[in-house]
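Asks: Can you read through this structure? Questions will come right after.
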Amino acid sequence: MSDDLGPLLSRTFQEHAATVPDPRQMADAARHRARAIVRRRVAGVVAVTVGVVATGLVAASVTAVDRADSPPAERAPEVRLTTPPGARTVVSLDGLTAGAAPRVGWLDGDVFHHSAGHDVPLPIGATIAVEHGAGTVAVRDSEHPALYLLDAAGTATVTAIGNRPVAAPGGRAGYLAQEEGSLVVLPSETSDGWSAELEATYRSTPVGFLADGRLVVEVGPATDGGRATYLLAGPHRTSRWRGDGAVRATDPGGTAIGVVTPGRSPCIELWPTPAGPASWRACPPPSAAAAATYPDVAGFSPDGDLLLVRGPDPGGRGTRHVAVVDVASGTVVHELAAGDQAVIGQALLESDDTVLLAVWEGGRRALVRCAVEVGTGCETATAPTPVSRTDWAPAPMAPQR
Amino acid sequence: MDGQATAVTKPRTGVADASREIAFEAYVAARQRTLLRTAVMLTGDVHAAEDLLQTALARLYLSWDRVRQDTSMDAYVRRIMVNQHTAWWRRAWRRKELPVAMVREDAASPASPTTEGTVEGVAERDALWQHVHRLPPRQRAAVVLRFYEDLTEAQTAEVLGCAVGTVKSQTSRALHSLRAALAAERGLS
(Lines give C-alpha, C1' and ligand atoms only; values in the text may rest on other atoms or scores of the structure.)
Protein backbone atom coordinates (compact mmCIF):
# COMPACT_ATOMS: atom_id res chain seq x y z
CA MET A 1 0.00 0.00 0.00
CA SER A 2 2.78 2.43 0.82
CA ASP A 3 4.16 2.75 -2.69
CA ASP A 4 1.04 2.44 -4.77
CA LEU A 5 -1.04 5.14 -3.15
CA GLY A 6 -0.36 7.56 -5.98
CA PRO A 7 -1.72 5.27 -8.70
CA LEU A 8 -4.60 4.28 -6.45
CA LEU A 9 -5.46 7.94 -5.94
CA SER A 10 -5.29 8.57 -9.68
CA ARG A 11 -7.59 5.67 -10.36
CA THR A 12 -10.00 6.73 -7.65
CA PHE A 13 -10.17 10.26 -9.04
CA GLN A 14 -10.63 9.04 -12.59
CA GLU A 15 -13.46 6.74 -11.56
CA HIS A 16 -15.29 9.56 -9.84
CA ALA A 17 -14.62 11.95 -12.71
CA ALA A 18 -16.29 9.50 -15.06
CA THR A 19 -19.50 9.75 -13.04
CA VAL A 20 -19.72 13.55 -13.25
CA PRO A 21 -22.58 14.51 -15.55
CA ASP A 22 -22.03 16.98 -18.34
CA PRO A 23 -22.92 20.43 -17.08
CA ARG A 24 -25.39 22.70 -18.74
CA GLN A 25 -23.93 25.64 -20.60
CA MET A 26 -22.45 27.66 -17.76
CA ALA A 27 -21.41 30.87 -19.50
CA ASP A 28 -24.74 32.64 -18.97
CA ALA A 29 -24.90 31.62 -15.33
CA ALA A 30 -21.32 32.79 -14.79
CA ARG A 31 -22.07 36.13 -16.42
CA HIS A 32 -25.17 36.49 -14.27
CA ARG A 33 -23.16 35.79 -11.15
CA ALA A 34 -20.44 38.21 -12.24
CA ARG A 35 -22.99 40.98 -12.60
CA ALA A 36 -24.39 40.15 -9.19
CA ILE A 37 -20.89 40.49 -7.76
CA VAL A 38 -20.52 43.88 -9.40
CA ARG A 39 -23.93 45.04 -8.14
CA ARG A 40 -23.03 43.93 -4.64
CA ARG A 41 -19.76 45.85 -4.76
CA VAL A 42 -21.43 48.97 -6.09
CA ALA A 43 -24.20 48.72 -3.51
CA GLY A 44 -21.61 48.48 -0.76
CA VAL A 45 -19.78 51.55 -1.97
CA VAL A 46 -22.98 53.55 -2.33
CA ALA A 47 -24.12 52.60 1.15
CA VAL A 48 -20.86 53.71 2.70
CA THR A 49 -20.72 56.89 0.66
CA VAL A 50 -24.26 57.84 1.59
CA GLY A 51 -23.46 57.23 5.20
CA VAL A 52 -20.63 59.69 4.96
CA VAL A 53 -22.31 62.57 3.23
CA ALA A 54 -25.78 62.44 4.70
CA THR A 55 -27.17 62.83 8.17
CA GLY A 56 -30.39 62.24 10.01
CA LEU A 57 -32.58 59.81 8.15
CA VAL A 58 -29.75 57.97 6.43
CA ALA A 59 -27.63 57.77 9.55
CA ALA A 60 -30.43 55.91 11.25
CA SER A 61 -30.06 53.15 8.72
CA VAL A 62 -26.36 52.74 9.39
CA THR A 63 -25.52 52.34 13.07
CA ALA A 64 -25.63 54.19 16.32
CA VAL A 65 -21.85 54.26 16.18
CA ASP A 66 -22.04 56.41 13.06
CA ARG A 67 -23.86 59.19 14.82
CA ALA A 68 -21.40 59.11 17.67
CA ASP A 69 -18.43 59.45 15.36
CA SER A 70 -19.27 62.92 14.13
CA PRO A 71 -16.46 65.21 13.03
CA PRO A 72 -15.02 67.65 15.51
CA ALA A 73 -16.17 71.21 15.14
CA GLU A 74 -12.84 72.84 15.93
CA ARG A 75 -9.19 72.08 15.41
CA ALA A 76 -7.45 70.65 18.45
CA PRO A 77 -5.06 72.72 20.57
CA GLU A 78 -1.55 72.51 19.18
CA VAL A 79 1.34 71.23 21.29
CA ARG A 80 5.08 71.05 20.61
CA LEU A 81 6.80 67.70 21.00
CA THR A 82 9.96 69.19 22.42
CA THR A 83 12.28 67.13 24.55
CA PRO A 84 12.77 68.70 27.98
CA PRO A 85 16.36 69.20 29.12
CA GLY A 86 17.86 65.96 30.39
CA ALA A 87 15.08 63.80 29.02
CA ARG A 88 17.05 62.41 26.08
CA THR A 89 18.79 59.01 26.19
CA VAL A 90 21.17 57.82 23.49
CA VAL A 91 20.72 54.11 22.90
CA SER A 92 23.76 52.02 22.03
CA LEU A 93 24.26 48.29 22.35
CA ASP A 94 27.71 48.81 23.78
CA GLY A 95 27.90 48.41 27.52
CA LEU A 96 24.29 47.44 28.13
CA THR A 97 23.60 44.86 30.80
CA ALA A 98 21.50 41.80 29.95
CA GLY A 99 17.94 42.07 31.18
CA ALA A 100 14.89 39.84 31.21
CA ALA A 101 13.42 38.45 27.99
CA PRO A 102 10.77 40.57 26.26
CA ARG A 103 7.29 40.46 27.72
CA VAL A 104 5.82 40.51 24.23
CA GLY A 105 6.10 37.78 21.65
CA TRP A 106 8.88 38.13 19.11
CA LEU A 107 10.19 36.42 16.02
CA ASP A 108 13.65 34.99 15.74
CA GLY A 109 14.19 33.15 12.47
CA ASP A 110 11.68 30.32 12.26
CA VAL A 111 10.77 30.44 15.95
CA PHE A 112 8.22 32.66 17.63
CA HIS A 113 8.98 33.30 21.28
CA HIS A 114 5.53 33.56 22.85
CA SER A 115 5.07 36.03 25.68
CA ALA A 116 3.80 33.16 27.83
CA GLY A 117 7.30 31.69 27.70
CA HIS A 118 7.01 28.86 25.21
CA ASP A 119 8.50 28.75 21.73
CA VAL A 120 6.33 28.12 18.69
CA PRO A 121 8.06 26.72 15.58
CA LEU A 122 6.80 28.58 12.55
CA PRO A 123 6.25 27.46 8.97
CA ILE A 124 9.30 28.08 6.83
CA GLY A 125 9.42 31.60 5.54
CA ALA A 126 7.00 33.13 8.05
CA THR A 127 7.98 36.71 8.66
CA ILE A 128 5.04 38.11 10.61
CA ALA A 129 3.43 36.71 13.73
CA VAL A 130 1.04 37.83 16.44
CA GLU A 131 -0.30 36.02 19.45
CA HIS A 132 -3.73 34.47 19.71
CA GLY A 133 -4.15 32.94 23.15
CA ALA A 134 -1.37 30.42 23.58
CA GLY A 135 -1.16 30.08 19.82
CA THR A 136 0.08 32.24 17.04
CA VAL A 137 -1.12 33.75 13.81
CA ALA A 138 1.80 33.59 11.40
CA VAL A 139 2.12 34.85 7.85
CA ARG A 140 4.43 33.96 5.03
CA ASP A 141 4.25 37.18 3.11
CA SER A 142 4.37 37.10 -0.66
CA GLU A 143 2.16 37.91 -3.60
CA HIS A 144 -0.13 35.15 -2.38
CA PRO A 145 0.45 35.32 1.37
CA ALA A 146 -0.18 32.20 3.38
CA LEU A 147 -1.59 32.65 6.84
CA TYR A 148 -1.37 29.96 9.49
CA LEU A 149 -3.24 29.60 12.75
CA LEU A 150 -0.86 27.66 14.93
CA ASP A 151 -1.50 26.08 18.28
CA ALA A 152 1.02 26.32 21.11
CA ALA A 153 3.04 23.44 19.66
CA GLY A 154 3.21 25.08 16.25
CA THR A 155 0.74 22.74 14.57
CA ALA A 156 -1.26 24.54 11.90
CA THR A 157 -4.96 24.28 12.67
CA VAL A 158 -5.98 26.46 9.74
CA THR A 159 -4.18 27.63 6.63
CA ALA A 160 -5.63 30.45 4.60
CA ILE A 161 -4.69 33.08 2.09
CA GLY A 162 -4.38 36.11 4.26
CA ASN A 163 -2.15 38.70 5.74
CA ARG A 164 -1.80 41.66 8.08
CA PRO A 165 -2.60 40.03 11.39
CA VAL A 166 -3.42 42.22 14.33
CA ALA A 167 -3.80 41.37 18.00
CA ALA A 168 -4.67 42.85 21.36
CA PRO A 169 -4.54 41.70 24.97
CA GLY A 170 -7.26 39.33 26.02
CA GLY A 171 -6.79 36.99 23.10
CA ARG A 172 -8.24 39.28 20.46
CA ALA A 173 -6.73 38.73 17.04
CA GLY A 174 -7.75 39.23 13.48
CA TYR A 175 -6.39 39.22 9.98
CA LEU A 176 -7.19 40.03 6.42
CA ALA A 177 -8.55 37.05 4.48
CA GLN A 178 -7.51 38.15 1.04
CA GLU A 179 -9.21 35.61 -1.14
CA GLU A 180 -12.45 35.88 0.78
CA GLY A 181 -12.36 39.64 0.65
CA SER A 182 -13.07 39.87 4.32
CA LEU A 183 -11.62 40.72 7.64
CA VAL A 184 -11.68 37.90 10.14
CA VAL A 185 -11.74 38.38 13.90
CA LEU A 186 -10.92 35.15 15.65
CA PRO A 187 -12.88 33.87 18.62
CA SER A 188 -11.29 34.45 22.01
CA GLU A 189 -12.07 33.22 25.49
CA THR A 190 -14.36 36.17 26.04
CA SER A 191 -15.80 36.87 22.62
CA ASP A 192 -17.09 35.14 19.52
CA GLY A 193 -15.33 35.39 16.22
CA TRP A 194 -16.82 37.14 13.24
CA SER A 195 -15.91 38.32 9.79
CA ALA A 196 -16.90 41.30 7.71
CA GLU A 197 -16.68 41.64 3.98
CA LEU A 198 -14.51 44.48 2.76
CA GLU A 199 -14.12 46.24 -0.52
CA ALA A 200 -10.58 46.58 -1.86
CA THR A 201 -9.29 44.05 0.61
CA TYR A 202 -5.79 44.22 -0.75
CA ARG A 203 -5.57 47.86 0.25
CA SER A 204 -7.03 47.34 3.71
CA THR A 205 -4.95 47.32 6.85
CA PRO A 206 -6.33 46.41 10.27
CA VAL A 207 -4.78 48.89 12.68
CA GLY A 208 -5.84 47.63 16.08
CA PHE A 209 -8.59 46.94 18.58
CA LEU A 210 -10.26 49.26 21.06
CA ALA A 211 -11.30 48.05 24.49
CA ASP A 212 -14.92 47.62 23.40
CA GLY A 213 -13.81 45.14 20.72
CA ARG A 214 -14.13 47.49 17.79
CA LEU A 215 -11.47 46.99 15.16
CA VAL A 216 -10.06 49.97 13.30
CA VAL A 217 -9.33 49.32 9.64
CA GLU A 218 -7.59 51.63 7.21
CA VAL A 219 -8.47 51.36 3.53
CA GLY A 220 -6.28 53.01 0.96
CA PRO A 221 -4.63 54.91 -0.39
CA ALA A 222 -6.52 54.54 -3.65
CA THR A 223 -5.04 55.58 -6.97
CA ASP A 224 -6.47 59.03 -6.43
CA GLY A 225 -4.84 59.22 -3.02
CA GLY A 226 -8.12 58.82 -1.17
CA ARG A 227 -8.34 56.74 1.96
CA ALA A 228 -10.87 55.91 4.60
CA THR A 229 -10.99 54.53 8.10
CA TYR A 230 -13.68 52.18 9.34
CA LEU A 231 -14.66 51.01 12.78
CA LEU A 232 -15.87 47.44 12.70
CA ALA A 233 -17.89 46.22 15.64
CA GLY A 234 -19.15 43.06 13.98
CA PRO A 235 -20.10 41.67 10.61
CA HIS A 236 -22.93 44.12 10.07
CA ARG A 237 -21.84 46.95 12.32
CA THR A 238 -19.44 49.04 10.32
CA SER A 239 -19.08 52.77 10.60
CA ARG A 240 -16.73 55.20 9.02
CA TRP A 241 -14.47 57.37 11.08
CA ARG A 242 -14.92 60.95 10.07
CA GLY A 243 -11.67 62.56 11.04
CA ASP A 244 -9.12 63.76 8.53
CA GLY A 245 -6.12 61.49 8.50
CA ALA A 246 -5.06 57.91 9.08
CA VAL A 247 -5.50 56.12 12.39
CA ARG A 248 -2.11 54.62 13.17
CA ALA A 249 -2.59 53.30 16.70
CA THR A 250 -5.40 52.28 19.01
CA ASP A 251 -5.57 52.08 22.77
CA PRO A 252 -6.49 48.44 23.42
CA GLY A 253 -7.41 49.20 26.99
CA GLY A 254 -9.54 52.24 26.23
CA THR A 255 -10.98 54.25 23.39
CA ALA A 256 -8.16 56.55 22.28
CA ILE A 257 -6.68 56.60 18.80
CA GLY A 258 -3.45 58.08 17.46
CA VAL A 259 -3.86 59.82 14.13
CA VAL A 260 -1.50 61.07 11.44
CA THR A 261 -2.89 63.86 9.28
CA PRO A 262 -2.33 63.91 5.51
CA GLY A 263 0.08 66.22 3.76
CA ARG A 264 3.79 66.75 3.26
CA SER A 265 4.31 67.80 6.85
CA PRO A 266 2.03 65.46 8.72
CA CYS A 267 0.86 66.28 12.20
CA ILE A 268 -0.09 63.74 14.80
CA GLU A 269 -3.27 63.98 16.81
CA LEU A 270 -4.57 62.33 19.92
CA TRP A 271 -8.27 61.52 19.95
CA PRO A 272 -9.57 60.32 23.34
CA THR A 273 -12.41 58.59 21.50
CA PRO A 274 -13.05 58.02 17.79
CA ALA A 275 -16.01 60.39 18.10
CA GLY A 276 -13.56 63.16 18.90
CA PRO A 277 -12.67 65.87 19.13
CA ALA A 278 -8.88 65.52 19.27
CA SER A 279 -7.43 66.66 22.54
CA TRP A 280 -4.15 67.84 21.02
CA ARG A 281 -2.30 68.10 17.77
CA ALA A 282 1.46 68.18 17.23
CA CYS A 283 2.86 69.49 13.97
CA PRO A 284 6.48 69.79 12.80
CA PRO A 285 8.15 72.92 14.14
CA PRO A 286 8.83 75.68 11.61
CA SER A 287 12.53 74.97 11.80
CA ALA A 288 12.46 71.21 11.81
CA ALA A 289 16.19 70.80 11.16
CA ALA A 290 17.00 71.95 14.66
CA ALA A 291 14.64 69.62 16.46
CA ALA A 292 13.43 66.05 16.38
CA THR A 293 10.22 65.59 14.41
CA TYR A 294 7.68 62.84 14.91
CA PRO A 295 5.58 62.13 11.84
CA ASP A 296 4.26 58.79 13.02
CA VAL A 297 2.58 57.10 15.96
CA ALA A 298 3.85 53.73 17.20
CA GLY A 299 1.39 52.75 19.92
CA PHE A 300 -0.11 53.21 23.36
CA SER A 301 0.96 51.91 26.74
CA PRO A 302 -1.26 49.20 28.25
CA ASP A 303 -2.85 51.72 30.62
CA GLY A 304 -3.40 54.19 27.79
CA ASP A 305 -1.57 56.98 29.59
CA LEU A 306 1.44 57.07 27.27
CA LEU A 307 1.82 57.30 23.51
CA LEU A 308 4.95 56.30 21.64
CA VAL A 309 5.76 58.43 18.61
CA ARG A 310 8.55 57.88 16.11
CA GLY A 311 10.77 59.98 13.92
CA PRO A 312 11.06 59.87 10.13
CA ASP A 313 11.49 56.39 8.68
CA PRO A 314 11.10 56.83 4.93
CA GLY A 315 12.19 53.35 3.87
CA GLY A 316 10.77 51.46 6.83
CA ARG A 317 14.31 50.42 7.76
CA GLY A 318 14.68 52.37 10.95
CA THR A 319 14.46 55.80 12.48
CA ARG A 320 16.86 57.88 14.51
CA HIS A 321 14.59 58.59 17.44
CA VAL A 322 11.36 57.81 19.22
CA ALA A 323 9.65 59.58 22.10
CA VAL A 324 7.31 58.67 24.92
CA VAL A 325 4.54 61.26 25.16
CA ASP A 326 2.09 61.92 27.96
CA VAL A 327 -1.35 61.34 26.45
CA ALA A 328 -3.12 63.83 28.69
CA SER A 329 -0.87 66.80 28.02
CA GLY A 330 0.93 66.00 24.77
CA THR A 331 4.35 66.60 26.33
CA VAL A 332 7.47 64.53 25.71
CA VAL A 333 8.37 62.43 28.74
CA HIS A 334 11.46 60.74 27.34
CA GLU A 335 13.22 60.80 23.97
CA LEU A 336 15.21 57.73 22.96
CA ALA A 337 17.75 58.43 20.23
CA ALA A 338 19.86 55.97 18.29
CA GLY A 339 23.64 56.13 18.73
CA ASP A 340 25.88 57.25 15.88
CA GLN A 341 26.05 53.81 14.22
CA ALA A 342 22.58 52.66 15.26
CA VAL A 343 19.03 52.79 13.98
CA ILE A 344 15.78 52.01 15.76
CA GLY A 345 13.38 49.66 14.02
CA GLN A 346 10.13 48.66 15.66
CA ALA A 347 9.39 50.33 18.99
CA LEU A 348 6.58 49.63 21.40
CA LEU A 349 5.53 50.25 24.97
CA GLU A 350 6.13 46.86 26.54
CA SER A 351 4.49 47.96 29.79
CA ASP A 352 3.39 51.16 31.44
CA ASP A 353 7.02 51.64 32.50
CA THR A 354 9.19 50.24 29.73
CA VAL A 355 9.82 50.64 26.03
CA LEU A 356 11.18 47.92 23.77
CA LEU A 357 13.26 48.89 20.78
CA ALA A 358 14.54 46.75 17.91
CA VAL A 359 18.04 48.17 17.47
CA TRP A 360 20.65 47.58 14.80
CA GLU A 361 24.10 48.93 15.46
CA GLY A 362 27.34 48.28 13.63
CA GLY A 363 26.49 44.80 12.37
CA ARG A 364 24.59 43.61 15.44
CA ARG A 365 20.94 43.52 16.38
CA ALA A 366 19.14 43.21 19.70
CA LEU A 367 15.92 44.07 21.43
CA VAL A 368 16.61 46.79 23.96
CA ARG A 369 14.47 47.71 26.95
CA CYS A 370 14.53 51.28 28.20
CA ALA A 371 12.66 52.67 31.16
CA VAL A 372 10.05 55.33 30.59
CA GLU A 373 11.44 57.12 33.61
CA VAL A 374 14.37 59.29 32.60
CA GLY A 375 17.74 58.32 34.06
CA THR A 376 16.86 54.71 34.77
CA GLY A 377 18.76 53.46 31.72
CA CYS A 378 18.44 50.66 29.20
CA GLU A 379 19.28 46.97 29.03
CA THR A 380 19.25 44.27 26.40
CA ALA A 381 16.17 42.06 26.30
CA THR A 382 17.79 39.73 23.78
CA ALA A 383 21.49 39.10 23.34
CA PRO A 384 23.14 41.11 20.54
CA THR A 385 23.48 38.93 17.45
CA PRO A 386 25.56 39.58 14.32
CA VAL A 387 23.49 40.52 11.27
CA SER A 388 24.00 42.76 8.29
CA ARG A 389 21.83 45.82 7.91
CA THR A 390 20.33 44.25 4.80
CA ASP A 391 19.36 41.03 6.56
CA TRP A 392 18.14 42.75 9.72
CA ALA A 393 14.39 42.38 10.29
CA PRO A 394 13.41 45.75 11.77
CA ALA A 395 9.99 44.62 13.07
CA PRO A 396 10.36 41.32 14.91
CA MET A 397 7.94 41.97 17.77
CA ALA A 398 4.28 41.09 18.04
CA PRO A 399 2.60 44.22 19.30
CA GLN A 400 -0.62 43.97 21.25
CA ARG A 401 -2.14 47.29 20.50
CA MET B 1 -10.40 63.02 2.21
CA ASP B 2 -12.04 61.17 -0.60
CA GLY B 3 -15.56 60.01 -0.01
CA GLN B 4 -14.66 56.46 -0.86
CA ALA B 5 -11.25 54.94 -1.20
CA THR B 6 -12.34 51.74 -2.86
CA ALA B 7 -12.43 50.93 -6.52
CA VAL B 8 -15.06 48.73 -8.06
CA THR B 9 -15.27 46.88 -11.31
CA LYS B 10 -17.80 48.51 -13.55
CA PRO B 11 -20.40 46.44 -15.40
CA ARG B 12 -19.36 45.81 -18.96
CA THR B 13 -21.81 46.84 -21.62
CA GLY B 14 -21.87 47.80 -25.25
CA VAL B 15 -21.12 46.26 -28.61
CA ALA B 16 -17.40 46.74 -28.23
CA ASP B 17 -17.34 43.73 -25.95
CA ALA B 18 -19.09 41.41 -28.38
CA SER B 19 -15.95 39.55 -29.36
CA ARG B 20 -15.04 39.27 -25.74
CA GLU B 21 -18.41 37.69 -24.96
CA ILE B 22 -17.98 35.20 -27.77
CA ALA B 23 -14.50 34.31 -26.60
CA PHE B 24 -15.72 33.80 -23.07
CA GLU B 25 -18.57 31.57 -24.20
CA ALA B 26 -16.22 29.56 -26.37
CA TYR B 27 -13.81 29.04 -23.53
CA VAL B 28 -16.53 27.97 -21.10
CA ALA B 29 -18.10 25.63 -23.62
CA ALA B 30 -14.76 24.00 -24.30
CA ARG B 31 -13.55 23.66 -20.76
CA GLN B 32 -16.54 23.47 -18.42
CA ARG B 33 -16.72 19.68 -18.42
CA THR B 34 -13.08 19.27 -17.51
CA LEU B 35 -13.16 22.06 -14.95
CA LEU B 36 -16.34 20.71 -13.36
CA ARG B 37 -14.64 17.39 -12.83
CA THR B 38 -11.77 19.13 -11.07
CA ALA B 39 -14.29 20.98 -8.94
CA VAL B 40 -15.92 17.69 -7.99
CA MET B 41 -12.53 16.34 -6.96
CA LEU B 42 -12.11 19.34 -4.68
CA THR B 43 -15.58 19.41 -3.17
CA GLY B 44 -16.69 15.78 -3.34
CA ASP B 45 -20.13 16.89 -4.43
CA VAL B 46 -21.52 17.78 -7.85
CA HIS B 47 -23.81 20.55 -6.65
CA ALA B 48 -21.11 22.23 -4.61
CA ALA B 49 -18.75 21.77 -7.55
CA GLU B 50 -21.13 23.53 -9.93
CA ASP B 51 -21.42 26.39 -7.49
CA LEU B 52 -17.65 26.53 -7.13
CA LEU B 53 -17.03 26.49 -10.87
CA GLN B 54 -19.69 29.10 -11.50
CA THR B 55 -18.05 31.38 -8.97
CA ALA B 56 -14.66 30.84 -10.58
CA LEU B 57 -16.03 31.48 -14.06
CA ALA B 58 -17.73 34.65 -12.83
CA ARG B 59 -14.39 35.86 -11.50
CA LEU B 60 -12.78 34.91 -14.79
CA TYR B 61 -15.44 36.88 -16.65
CA LEU B 62 -14.74 39.95 -14.53
CA SER B 63 -11.00 39.61 -15.13
CA TRP B 64 -11.20 38.39 -18.70
CA ASP B 65 -9.27 41.21 -20.34
CA ARG B 66 -6.38 40.75 -17.97
CA VAL B 67 -6.41 36.98 -17.78
CA ARG B 68 -6.70 36.32 -21.51
CA GLN B 69 -3.25 37.84 -21.97
CA ASP B 70 -2.14 34.81 -20.05
CA THR B 71 -1.91 31.56 -21.94
CA SER B 72 -3.13 29.53 -18.98
CA MET B 73 -6.71 30.42 -18.24
CA ASP B 74 -7.25 26.94 -16.86
CA ALA B 75 -4.58 27.63 -14.26
CA TYR B 76 -6.36 30.84 -13.31
CA VAL B 77 -9.72 29.08 -12.93
CA ARG B 78 -8.16 26.24 -10.97
CA ARG B 79 -6.51 28.72 -8.66
CA ILE B 80 -9.77 30.54 -8.04
CA MET B 81 -11.52 27.24 -7.36
CA VAL B 82 -8.86 26.10 -4.91
CA ASN B 83 -8.85 29.41 -3.08
CA GLN B 84 -12.62 29.74 -3.03
CA HIS B 85 -13.02 26.20 -1.79
CA THR B 86 -10.49 26.88 0.94
CA ALA B 87 -12.50 29.95 1.89
CA TRP B 88 -15.72 27.95 2.09
CA TRP B 89 -13.99 25.38 4.19
CA ARG B 90 -12.72 28.09 6.51
CA ARG B 91 -16.21 29.51 6.87
CA ALA B 92 -17.47 26.07 7.77
CA TRP B 93 -14.66 25.82 10.29
CA ARG B 94 -15.65 29.11 11.85
CA ARG B 95 -19.16 27.81 12.22
CA LYS B 96 -17.59 24.91 14.11
CA GLU B 97 -18.55 22.49 11.36
CA LEU B 98 -16.18 19.71 10.50
CA PRO B 99 -14.74 19.67 7.02
CA VAL B 100 -16.36 16.32 6.42
CA ALA B 101 -19.71 18.06 6.64
CA MET B 102 -19.04 19.40 3.18
CA VAL B 103 -19.05 15.86 1.82
CA ARG B 104 -22.40 14.53 0.81
CA GLU B 105 -23.26 11.33 2.54
CA ASP B 106 -25.02 10.10 -0.56
CA ALA B 107 -22.03 10.60 -2.84
CA ALA B 108 -22.38 8.03 -5.52
CA SER B 109 -20.09 5.07 -5.55
CA PRO B 110 -18.14 5.52 -8.74
CA ALA B 111 -17.73 2.07 -10.12
CA SER B 112 -19.28 -1.29 -10.08
CA PRO B 113 -17.32 -4.37 -9.14
CA THR B 114 -18.14 -5.96 -12.43
CA THR B 115 -16.30 -3.33 -14.39
CA GLU B 116 -13.64 -2.11 -12.01
CA GLY B 117 -11.82 -4.90 -10.29
CA THR B 118 -12.67 -6.70 -7.13
CA VAL B 119 -15.21 -5.78 -4.50
CA GLU B 120 -12.36 -5.18 -2.06
CA GLY B 121 -10.61 -2.89 -4.51
CA VAL B 122 -13.72 -0.83 -5.06
CA ALA B 123 -14.32 -0.60 -1.34
CA GLU B 124 -10.80 0.56 -0.79
CA ARG B 125 -11.07 3.27 -3.44
CA ASP B 126 -14.41 4.34 -2.03
CA ALA B 127 -12.84 4.63 1.40
CA LEU B 128 -9.93 6.53 -0.10
CA TRP B 129 -12.34 8.97 -1.75
CA GLN B 130 -14.01 9.61 1.59
CA HIS B 131 -10.66 10.11 3.31
CA VAL B 132 -9.49 12.52 0.63
CA HIS B 133 -12.42 14.75 1.49
CA ARG B 134 -11.52 14.74 5.14
CA LEU B 135 -8.13 16.28 4.34
CA PRO B 136 -7.61 20.00 4.97
CA PRO B 137 -8.45 21.88 1.77
CA ARG B 138 -4.93 22.79 0.73
CA GLN B 139 -3.71 19.22 1.17
CA ARG B 140 -6.72 17.97 -0.73
CA ALA B 141 -6.04 20.43 -3.52
CA ALA B 142 -2.43 19.31 -3.67
CA VAL B 143 -3.32 15.65 -4.18
CA VAL B 144 -6.09 16.48 -6.66
CA LEU B 145 -3.75 18.61 -8.74
CA ARG B 146 -0.91 16.10 -8.55
CA PHE B 147 -2.82 12.81 -8.96
CA TYR B 148 -5.92 13.82 -10.88
CA GLU B 149 -4.77 16.76 -12.96
CA ASP B 150 -1.33 15.18 -13.19
CA LEU B 151 0.32 18.57 -12.77
CA THR B 152 3.98 18.83 -11.95
CA GLU B 153 5.03 20.14 -8.55
CA ALA B 154 5.88 23.47 -10.15
CA GLN B 155 2.51 23.71 -11.89
CA THR B 156 0.76 22.75 -8.68
CA ALA B 157 2.70 25.42 -6.83
CA GLU B 158 1.56 27.98 -9.39
CA VAL B 159 -2.08 27.04 -8.90
CA LEU B 160 -1.81 26.98 -5.13
CA GLY B 161 0.19 30.20 -5.08
CA CYS B 162 2.92 28.72 -2.95
CA ALA B 163 6.47 27.41 -3.15
CA VAL B 164 7.31 24.03 -4.64
CA GLY B 165 8.55 23.00 -1.23
CA THR B 166 5.14 23.71 0.20
CA VAL B 167 3.54 21.52 -2.45
CA LYS B 168 5.90 18.73 -1.49
CA SER B 169 5.13 19.06 2.19
CA GLN B 170 1.36 19.39 1.66
CA THR B 171 1.34 16.34 -0.60
CA SER B 172 3.52 14.37 1.76
CA ARG B 173 1.30 15.18 4.72
CA ALA B 174 -1.79 14.29 2.73
CA LEU B 175 -0.39 10.93 1.64
CA HIS B 176 0.71 10.19 5.18
CA SER B 177 -2.79 10.93 6.49
CA LEU B 178 -4.41 8.82 3.79
CA ARG B 179 -2.12 5.88 4.43
CA ALA B 180 -2.82 6.09 8.14
CA ALA B 181 -6.57 6.31 7.59
CA LEU B 182 -6.62 3.34 5.24
CA ALA B 183 -4.41 1.32 7.55
CA ALA B 184 -6.69 2.07 10.48
CA GLU B 185 -9.70 1.04 8.44
CA ARG B 186 -8.07 -2.21 7.49
CA GLY B 187 -7.31 -2.85 11.13
CA LEU B 188 -10.98 -2.46 11.96
CA SER B 189 -12.28 -4.63 9.17
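The values are calculated or read from the model by the stated rules, or taken from the named source; none is laboratory data. Since the model is a prediction, treat every value here as computed from it, not as a measurement. Using ideal geometry, Cβ is built from the backbone for each residue, glycine included, and neighbour counts are taken over all protein chains shown. The protein model used for the area step is the full one, side chains on, heavy atoms only, and it has no ligands, DNA or RNA in it. Shrake-Rupley method; radii C 1.70, N 1.55, O 1.52, S 1.80 Å.
Asks: With θ taken as phi - 60° and the coefficients 6.51, -1.76 and 1.60, list the Karplus ³J(HN,Hα) couplings across the stretch A:121-128 in order, rounded to whole Hz; mark glycine and proline as x.
Replies: Karplus values, whole Hz, x for Gly and Pro: x, 9, x, 4, x, 5, 10, 9.
Asks: Calculate one ³J(HN,Hα) per residue across the stretch A:146-160 by plugging θ = phi - 60° into the Karplus curve 6.51 cos²θ - 1.76 cosθ + 1.60, and present them in order as whole Hz with x for glycine and proline.
Replies: Computed from phi, the couplings for the stretch A:146-160 are 9, 10, 10, 9, 10, 7, 4, 8, x, 7, 6, 8, 8, 10, 9 Hz.
Asks: For every other residue with a beta carbon closer than 11 angstrom to the beta carbon of A:W360, add +1 if it is Lys or Arg and -1 if Asp or Glu, then tell me the sum. Don't skip to the end; give the middle numbers.
Replies: Details: positive: A:R317, A:R364, A:R365, A:R389; negative: A:E361, A:D391.
Summing Lys/Arg as +1 and Asp/Glu as -1 gives +2.
Asks: Same structure again: Counting only other chains, and only Cβ atoms inside 10 Å, what mean value do you get across the residues of A:119-129?
Replies: Numbers: counts 0, 0, 0, 0, 2, 4, 4, 0, 0, 0, 0.
That average works out to 1.
Asks: Report the A-B buried area as the accessible area lost on both sides summed, probe 1.4 Å, in Å² to the nearest 100. Intermediate results must be reported in sequence, preceding the final value.
Replies: Values: alone 20150 and 11710 Å², together 25750 Å².
Looking at A and B, the buried total is near 6100 Å².
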